[in-house]
Amino acid sequence: MKLLPILLALISPLAATTISVVPIHEPLSMHGTDVDEGITETGEALQATVAARPMALTGAFPEVLIESIRTPHKLPTNNPNYKVEEVNLLVLCNIGITAETKEDGLHVTMNVSQLAVPEGVDLTARQVLKLAMVAIRRTLEEYQRPQTQPLDVKVLIGGVDDGTASLKDLEATYRLGGE
C-alpha cells in the first residue's frame, strides 16, 4: 500500500499533459527523386518543397511548433531504390531553429553558424533559408487561424560570420491574424 501514493504521484503529472496533433510545415529536399517542385513563394523551380506533416506535440505553443520544423524526416517509400535517409533541409544543412515569445511578439532565430549544404542537395544556403521562412510562416498561419489576437513575428538569422553575413537580409517581421 505504500507504493500506491508514489505511483499516483508519478502518474498525475503525465495525465495533466496536453498532447495536440498539429500540422508542421517543413522545408524538404527531394534529392533522390525525379521531381522538381514549383515553389510559388520563392519563385523558383527547385528539387525541394515545403510540405506539412502531422505531429503530436506538447509544450509551449507556438514555440514548440517552430522548433518542431527541424525534426528528422525520412520519407516513406514503396521503392526499394529510394534510400534517402533524411529530407528535412534544416537537419541536412545543420541549421538550428529556436523560438521565444517576448513582449513584442514571437522571435524566431535560424542559426546558420554550422550551415553546410551537403553534396547531392542542389540548393544554395539562401534557397534553403527561403524555404525555411515559408515553412515557418505556413506553420504559424495554421496555428494562428483560430486565435483571436494577432501574432507579431520576427524571423532573425543568427550565428552569421563573414561568409554568411549577407543572409541577414532575409530577416523578416510580419503580423498574422487580427486583420
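Restricted to strands (runs of 3 or more DSSP E) entirely inside the stretch 41-149, no element has at least 3 residues that are touching a Cys at 6+ places or on another chain (Cβ under 6 Å) and open to solvent by less than 40 Å² (accessible area, probe 1.4 Å). For beta carbons closer than 6 Å, sequence separation of 6+ or different chains, a first residue in the stretch 125-152 that is at positive phi and a second that is open to solvent by less than 10 Å² (accessible area, probe 1.4 Å) and modelled with pLDDT under 95, there are no qualifying pairs. Looking at GLU100, GLU41 in this structure, which one is at pLDDT 95 or above and closer than 21 Å to LEU176 by Cα? Exactly one of GLU100, GLU41 is at pLDDT 95 or above and closer than 21 Å to LEU176 by Cα, namely GLU100. The numbered conditions (1) without any contact (Cβ under 8 Å) to a residue 12 or more places away in the chain; (2) farther than 25 Å from ASP161 by Cα; (3) of a type in the set (Asp, Glu) are all true for GLU119 except (2). Contact annotation: residue pairs with Cβ atoms under 9 Å, 6 or more positions apart or on different chains, pairing a residue in the stretch 18-37 that is more than 17 Å from ASP122 (Cα to Cα) with a partner that is open to solvent by 20 Å² or more (accessible area, probe 1.4 Å) and among the basic types (Lys, Arg), are PRO23/ARG53; PRO23/ARG138; ILE24/ARG53; HIS25/ARG53; HIS25/ARG137; HIS25/ARG138; GLU26/ARG53; GLU26/ARG70. For the stretch 150-179, which positions are over 24 Å from CYS93 (Cα atoms) and part of a loop (DSSP other than H, G, I, E, B)? Scanning the stretch 150-179 gives PRO150, GLY177, GLY178, GLU179.
The values are calculated or read from the model by the stated rules, or taken from the named source; none is laboratory data. Note that the structure is predicted; figures quoted are calculated from it, not measured. Positions of Cβ are generated from backbone atoms using ideal geometry, with glycine treated the same way; all protein chains shown enter the neighbour counts. Heads up: the accessible areas ignore ligands, DNA and RNA and are worked out on the full protein's heavy atoms, side chains in. Shrake-Rupley method; radii C 1.70, N 1.55, O 1.52, S 1.80 Å.
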